[in-house]
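This report concerns only the one structure given below.
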Amino acid sequence: MPSAKIYYDSDADLNILKDKTIVFLGFGNQGAAQAQNLRDSGLPNDKIIIANRQDHYAEDAKSKGFNVEHDFSKAAAAADVLFLLIPDQVQPRVFNEQAAPHLKDNVTIVIASGYNVFYKLLNFKSTQDVVMVAPRMIGSSVRSLYVKGKGFPCFVSVEQDGTGNALSTALALSRAIGATKAGAIASSAREETAMDLFAEQGLWPNIIMLFREAFSVLKEAGCSDEALCYEMWMSKEPAEIFERAAEDGFIAQLKHHSTVSQYGQLNGSLKLDGTAIREHFKEILYNQVLNGKFCQEFSKIEADLEKEGDENPLNQLYKKSEESELGQAEKRVRARLAQLL
Ligand code: NAI
């Protein structure tokens with residue numbers, strides 16, 4: 001596999017965006033950050049429209065001096081560029097019904113996550129451009145790093161090149177929101193979705209399981225709830241380890257630990273046989289994520305996620321997870337700590 005191309009400010013020409021009407025459908029985490037960055041990059045405010053239903057996000061956009069349009073079809077009709085920045089699960093319905101029928105034939109549609117494009121849940125005309133500009137940061141960081149004059153990691157790709165100019169438009173937009181300052185990595189909706197869903201359904205469930213089981217084994221050996229909670233996560237040691245891993249290196253961060261710890265971690269991890277987990281990971285990646293099985297299953301329960309109480313499948317999963325020894329112990333420890341405050 002060749003190294004990914006990385007695009008910088010010098011690869012992007014902001015002039016391409018001159019005279020274009022840019023619509024942000026959504027002014028939430030990403031929408032608010034990206035719209036402000038784009039405006040601060042010199043794009044005129046009268047060419048920016050925030051399309052938002054009447055809610056506190058719309059009020060926020062107004063308070064920041066943006067033009068807000070509540071009628072999505074009107075905003076879509078005016079758009080040369082449409083940033084699709086509403087939650088992934090509502091995008092197919094809202095975009096397909098309220099925006100898509102009114103969009104220009106040569107519009108550029110910008111997505112910030114690969115999910116709906118990879119699973120073909122959005123309706124585009126073949127003449128339209130579809131590009132991905134997907135920051136790898138929460139919106140508040142997208143904004144605060146831009147304000148500090150710094151860049152942020154971001155994936156960029158062309159998913160459909162209807163006009164023949166999709167890449168230059170994607171790069172100009174990436175630069176305008178501050179994403180090419182530190183380098184935007186060439187990616188794809190497939191790659192972004194594969195990595196994102198694999199982490200959510202393969203990697204992190206295993207990490208949660210490892211903590212849960214480790215907790216039970218140590219508790220059985222006589223360790224107290226309080227000591228375990230602090231030792232394992234409440235001290236923030238795992239957060240620090242990952243911060244060091246990002247800064248110094250995934251392996252090199254171990255050098256901050258004691259010699260006994262370094263020896264134990266390196267020797268222990270090398271002795272573990274990864275064959276079974278590798279097969280399990282492949283099963284998740286190929287037979288759950290990439291083949292669309294998860295997407296199909298998730299779409300069946302999506303409507304139930306709006307429900308209250310036990311009828312909401314997410315609430316059921318929380319309830320079950322909190323029944324674990326780890327969950328119960330943490331509840332007791334936190335209640336005790338609250339009494340001390
Ligand atoms: P969000 O949850 O902050 O979205 C809120 C916005 O969506 C508001 O403007 C709200 O009015 C609008 N909205 C919500 N439900 C709606 C509905 N039913 N109909 C019409 N408008 C509705 O969204 P967020 O987190 O900014 O995500 C937007 C996109 O950015 C998604 O594709 C997401 O995957 C991607 N992304 C998000 C990141 C994050 O930091 N949260 C990081 C990188 C990408």
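Readers should treat all values here as calculations from the given coordinates under stated rules, not as data from a laboratory. Since this is a predicted model, take the numbers as computed values, not measurements. Don't worry about glycine lacking a Cβ; one is built from the backbone with ideal geometry, like all the others, and counts go over all protein chains shown.
Here are the numbers:
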| read-out | value |
| --- | --- |
| Members of the range 94-115 that are within 12 Å of the ligand (Cβ to nearest atom), crowded, with 16+ Cβ neighbours inside 10 Å and part of a helix (DSSP H, G or I) | Val94, Phe95, Gln98, Ala99, Tyr115 |
| Looking only at the range 271-299, and only at residues there that are among the hydrophobic types (A, V, I, L, M, F, W, C) and surrounded by fewer than 12 Cβ atoms within 10 Å (Cβ to Cβ), the one that is nearest to Asn116 (Cα to Cα) | Ala276 |
| Test: residue in the range 55-78 that is among the aliphatic types (A, V, I, L, M) and farther than 25 Å from Ala134 by Cβ | yes |
| Count of residues meeting criterion [touching a residue at least 40 places away in the same chain (Cβ under 8 Å) and either assigned to a helix (DSSP H, G or I) or hydrophobic (A, V, I, L, M, F, W, C) (or both)] in the range 265-320 | 12 |
| Matching residues, the range 246-278, being within 27 Å of Ala329 (Cβ to Cβ) and of a type in the set (A, V, I, L, M, F, W, C) | Val260, Leu272, Ile277 |
| Residue match in the range 36-48 (condition: near the ligand (Cβ under 10 Å from one of its atoms), in contact (Cβ under 8 Å) with a residue 12 or more places away in the chain and either among the hydrophobic types (A, V, I, L, M, F, W, C) or closer than 22 Å to Ala176 by Cα (or both)) | no |
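Here is a yes/no grid of residues against (1) surrounded by fewer than 20 Cβ atoms within 10 Å (Cβ to Cβ); (2) more than 12 Å from the ligand (Cβ to nearest atom); (3) of a type in the set (S, T, N, Q); (4) not in a helix (DSSP H, G or I):
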site: Ile16; (1), (2), (3), (4): yes, yes, no, no
site: Gln30; (1), (2), (3), (4): no, no, yes, no
site: Ala58; (1), (2), (3), (4): yes, no, no, no
site: Gly65; (1), (2), (3), (4): yes, yes, no, yes
site: Ala77; (1), (2), (3), (4): yes, yes, no, no
site: Val117; (1), (2), (3), (4): no, no, no, no
site: Leu122; (1), (2), (3), (4): yes, no, no, yes
